[in-house]
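Each remark here refers to the structure printed beneath this line.
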């Protein structure tokens, strides 16, 4: 049984959970809430103090989400192909993760500003990255993220788009046509989509 440090709002945790569903491993993953003793121990084994951390059945600690995804793919072979398309799919997955990174940096600029006003320059920088990426994806998503086969690139982009909605950062649905249609199609067929949709911890 795998054990996974868990927060229902984390896009990186959601990426791992969706990878588990797509790999057929979800029933072998135990989610550990932040107050769980094992969660605290596992998180302490990542000196960065970040989640997710995965504990394997042989008690090995694995982080971050990209390495956990690679482990799941080694087990299932379902997250990216081992052929000439592998680099393309992983590049697209990196683009999606960059969209998540910019979104989180925007959120953190507010959350950790304390008594200070968040930097407008910093927020504008992140929003520009987000807008440019959304514009690019609306033009290229039907080619770059072909939905006939689901891979980690599809998971990554679904996670990124839903996180933008969840935190109300950028209203991409009203500003796109192809991307909105792609999201509706892929989210309807992605295993675990509804079960993993982000929510604030109760």
All positions within the range 20-34 that are at pLDDT 95 or above, out of contact with any strand residue (DSSP E or B) (no Cβ under 7 Å at 6 or more places or on another chain) and either surrounded by fewer than 16 Cβ atoms within 10 Å (Cβ to Cβ) or closer than 14 Å to residue 8 by Cβ (or both): 24, 27
Taking only the range 121-156 into account, find how many residues are farther than 18 Å from residue 87 by Cβ and assigned to a helix (DSSP H, G or I). 21
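For the range 112-120, does any single residue satisfy the condition of being in the same structural domain as residue 14 (by TED's automatic domain parsing) and outside any helix (DSSP H, G or I)? Lay out the reasoning, then the answer.
Of the range 112-120, the ones in the same structural domain as residue 14 (by TED's automatic domain parsing) are none.
Looking through the range 112-120, none of the residues is in the same structural domain as residue 14 (by TED's automatic domain parsing) and outside any helix (DSSP H, G or I).
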For the range 159-196, name all the residues that are surrounded by 14 or more Cβ atoms within 10 Å (Cβ to Cβ) and in a loop (DSSP other than H, G, I, E, B). 167, 169, 170, 176, 190, 191, 192, 193, 196
Name every residue in the range 43-78 that is closer than 16 Å to residue 13 by Cα and part of a loop (DSSP other than H, G, I, E, B), in order of residue number. 46, 48, 49, 50, 51, 52, 53, 56, 63, 64
Please work out which residue is farthest from residue 150 (Cα to Cα), limiting yourself to the range 33-42 and to residues that are assigned to a helix (DSSP H, G or I) and in contact (Cβ under 8 Å) with a residue 12 or more places away in the chain. 38
Reported set for the range 102-127 where residues are within 19 Å of residue 200 (Cα to Cα), surrounded by 10 or more Cβ atoms within 10 Å (Cβ to Cβ) and without any contact (Cβ under 8 Å) to a residue 40 or more places away in the chain is 105, 108, 109, 110, 111
Quick check, is residue 87 assigned to a helix (DSSP H, G or I), without any contact (Cβ under 8 Å) to a residue 12 or more places away in the chain and surrounded by fewer than 15 Cβ atoms within 10 Å (Cβ to Cβ)? yes
Could you check residue 74 against (1) closer than 23 Å to residue 3 by Cβ; (2) within 17 Å of the chain's Cα centre (by Cα) and say which number it fails? (2)
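The values are calculated or read from the model by the stated rules, or taken from the named source; none is laboratory data. Model, not experiment: these values are computed from the prediction. Counting neighbours? That spans all protein chains shown, and the Cβs are built from the backbone with ideal geometry, glycine included.
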